[in-house]
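The values are calculated or read from the model by the stated rules, or taken from the named source; none is laboratory data. Please read all numbers here as calculations on a predicted model, not as lab measurements. Positions of Cβ are generated from backbone atoms using ideal geometry, with glycine treated the same way; all protein chains shown enter the neighbour counts.
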């Protein structure tokens, strides 16, 4: 430590450098300058050169055979179908839940009707999922269990009447499931009312 108000000669502050030979000091300085120039060059190059596109990028055009397009219901259409199913149930004084899933089985929306039982919500989702997965009403699929009983072991499915697929040119694009009525036939009738609403 230096005393206050005492001037220190610059050479005294860097005493460790005095111990280095002239050759070492010159080489050290050259390395620092080279590193600085390299960093500046890298920064300059990255600033002026645009980043290259990833090598694995897929060219998205109509002729590309690596892409596939799918059709999905809009949220407005899914809401319309679910409400139509719920309204059909209300006309017959049935308390149900309604679910709409997309082509991939993802739940788009659910409506839990007033007074619907707690089991109805999950059952409606599973029926909708099952209907879109096999592109058939779940009442028909339930009959297939006689010949293929292990179908019921597939996660997320429910082979009870009450699910109906929504189709475009015969291909499934969504599923509507209804649960909570005293019989599966009623549930499926309401699900079909939801499907029918999309053609109006």
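Quick look at the numbers
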{"item": "Subset of region 80-113 (residues that are touching a strand residue (DSSP E or B) at 6+ places or on another chain (Cβ under 6 Å), surrounded by fewer than 17 Cβ atoms within 10 Å (Cβ to Cβ) and either in contact (Cβ under 8 Å) with a residue 24 or more places away in the chain or not in a strand (DSSP E or B) (or both))", "result": "109"}
{"item": "Unmet requirement for residue 151, which otherwise passes all of (1) modelled with pLDDT under 95; (2) in a helix (DSSP H, G or I); (3) loosely packed, with under 14 Cβ neighbours inside 10 Å", "result": "(3)"}
{"item": "Search result, residues across region 127-148 that are more than 18 Å from residue 73 (Cβ to Cβ), crowded, with 24+ Cβ neighbours inside 10 Å and either under 27 Å from the mean Cα position of the chain (by Cα) or touching a residue at least 40 places away in the same chain (Cβ under 8 Å) (or both)", "result": "138"}
{"item": "Some residue of region 176-190 being buried (at least 19 other Cβ atoms within 10 Å of the Cβ) and under 30 Å from residue 68 (Cβ atoms)", "result": "yes"}
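Conditions (1) closer than 19 Å to residue 76 by Cβ; (2) touching a strand residue (DSSP E or B) at 6+ places or on another chain (Cβ under 8 Å); (3) in contact (Cβ under 8 Å) with a residue 24 or more places away in the chain, marked per residue:
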site	(1), (2), (3)
168	yes, no, yes
171	no, no, yes
176	yes, yes, yes
182	no, no, yes
187	no, yes, yes
195	yes, yes, yes
198	yes, yes, yes
